[in-house]
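Student: Okay, here's the structure, questions in a sec.
The values are calculated or read from the model by the stated rules, or taken from the named source; none is laboratory data. Only a predicted model underlies this, so the values are computations on that prediction, with no experimental measurement involved. Backbone-built Cβ (ideal geometry, glycine too); neighbour counts: all protein chains shown.
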Amino acid sequence: MGRRETKKEATKRKILDVSLQLFTREGFGKTTMRDIARRAGIALGTTYNYFPTKEHIALYFFETALEEVMARYRREAPADAPLEEKLFLLLSIELEQLAPYEAFLHLVIATAVVPGSRLHPFSVDSQRLKSKYLEFAGRIFEEAQARGELKTFGFDAMLLSAFWIFKMGLILFWLGDASPKKEDTFVLLDKSLRFVLEGLRGGKPKGRRR
């Protein structure tokens with residue numbers, strides 16, 4: 001990355017960091033682009049050049065979070081680990097990545113359900129991020145199939161769609177989890193992931209190795 005690109009990325013990150021602070025403190029709806037520009041010390045026009053709307057800022061948050069999740073997974077996932085452990089690691093990393101921004105996520109959900117919102121699950125932007133995530137997760141399933149851990153069903157797209165629904169359900173459960181350190185979420189992840197994978201294999205659920 002050249003100097004110009006590095007500077008542009010640093011400016012985008014500064015706008016994002018300031019925005020997250022304001023969204024959490026003032027609310028997503030009440031915070032204006034002018035508020036963000038003023039707090040970041042950046043001209044309003046320049047701020048609009050980077051992010052035409054607040055929703056673009058939120059999408060940038062999800063995009064950078066996804067990149068960081070994938071990068072961390074690549075560093076930490078043992079190549080010879082079984083599928084269950086790899087998926088548990090991927091989802092755990094994702095929850096840990098989102099944890100500092102839980103209050104922001106609660107705010108975004110209210111916007112995401114509005115038809116026409118760029119944050120709506122079926123918007124073009126959201127679908128683009130979904131495709132990127134499932135392409136990454138798909139490679140994990142493909143590796144498991146190549147090792148004989150999982151059958152090749154011939155309808156892998158449906159398998160990935162089911163995994164996406166499972167992941168989104170887990171995140172929603174996590175957002176409402178009031179247990180200490182979100183322990184109930186990780187218990188749910190452990191048990192449900194084991195159950196689903198054993199079902200796909202045609203066997204009975206077994207305890208996850210620790």
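Student: Among the listed residues Q127, Q97, identify the single one that is polar (S, T, N, Q), more than 17 Å from L170 (Cβ to Cβ) and part of a helix (DSSP H, G or I). Give the derivation first.
Tutor: On the way: Q97 fails: more than 17 Å from L170 (Cβ to Cβ).
Only one candidate qualifies: Q127.
Student: Sticking with this structure for a sec: Using beta carbons and a limit of 7 Å, which pairs, at least six apart or on different chains, have the first residue in the range 125-146 and assigned by TED's automatic domain parsing to the domain that holds L66 and touching a residue at least 12 places away in the same chain (Cβ under 8 Å) and the second one part of a helix (DSSP H, G or I) and of a type in the set (K, R)?
Tutor: Sorted first by the residue in the range 125-146, then by its partner, the pairs are I140/K86.
Student: Filter the range 35-80 down to the residues that are at pLDDT below 95 and of a type in the set (A, V, I, L, M, F, W, C) and list them by number.
Tutor: Hit for the range 35-80 is A79, nothing else.
Student: Could you check the range 1-89 for helices (runs of 4 or more DSSP H) lying wholly inside it with 3 or more residues that are outside the structural domain of V113 (by TED's automatic domain parsing), of a type in the set (V, I, T) and free of Cβ contacts under 8 Å to residues at least 40 places away in the same chain?
Tutor: On the way: elements: 3-26, 33-40, 44-50, 54-76.
Fully inside the range 1-89 and qualifying: 3-26.
Student: Next up: Tally up the residues in the range 123-150 that are more than 22 Å from A77 (Cβ to Cβ) and exposed (fewer than 13 other Cβ atoms within 10 Å of the Cβ), please.
Tutor: First, pick out the residues of the range 123-150 that are more than 22 Å from A77 (Cβ to Cβ): 123-128.
Still in the running and exposed (fewer than 13 other Cβ atoms within 10 Å of the Cβ): 124, 127-128.
Of the residues in the range 123-150, 3 are more than 22 Å from A77 (Cβ to Cβ) and exposed (fewer than 13 other Cβ atoms within 10 Å of the Cβ).
Student: Could I ask something else about it? In the range 191-198, is there at least one residue being buried (at least 16 other Cβ atoms within 10 Å of the Cβ) and modelled with pLDDT of 90 or more?
Tutor: yes
Student: Could you tell me which residue of the range 170-184 is surrounded by the fewest Cβ atoms within 10 Å (Cβ to Cβ), considering only residues that are in contact with a helix residue (DSSP H, G or I) (Cβ under 9 Å, 6 or more places away or on another chain) and closer than 26 Å to Q127 by Cβ? Lay out the reasoning, then the answer.
Tutor: Step one: of the range 170-184, the residues in contact with a helix residue (DSSP H, G or I) (Cβ under 9 Å, 6 or more places away or on another chain) are 170-175, 177-179, 182, 184.
Then keep just the ones that are closer than 26 Å to Q127 by Cβ; that gives 170-175.
Numbers: L170: 20, I171: 14, L172: 12, F173: 15, W174: 21, L175: 14.
So, considering only residues that are in contact with a helix residue (DSSP H, G or I) (Cβ under 9 Å, 6 or more places away or on another chain) and closer than 26 Å to Q127 by Cβ, the one surrounded by the fewest Cβ atoms within 10 Å (Cβ to Cβ) is L172.
Student: Still on this structure: Filter the range 50-60 for residues that are within 21 Å of F136 (Cα to Cα) and either crowded, with 19+ Cβ neighbours inside 10 Å or of a type in the set (V, I, T) (or both) and give the result. Give the steps one after another, and end with the answer.
Tutor: Step one: list which residues in the range 50-60 are within 21 Å of F136 (Cα to Cα), which gives 59-60.
L59 - this is the single residue of the range 50-60 that is within 21 Å of F136 (Cα to Cα) and either crowded, with 19+ Cβ neighbours inside 10 Å or of a type in the set (V, I, T) (or both).
Matching residues to (1) under 16 Å from the mean Cα position of the chain (by Cα); (2) buried (at least 17 other Cβ atoms within 10 Å of the Cβ); (3) among the charged types (D, E, K, R):
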site: G41; (1), (2), (3): no, no, no
site: Y48; (1), (2), (3): no, no, no
site: E63; (1), (2), (3): yes, no, yes
site: A79; (1), (2), (3): no, no, no
site: E84; (1), (2), (3): no, yes, yes
site: L89; (1), (2), (3): yes, yes, no
site: L105; (1), (2), (3): yes, yes, no
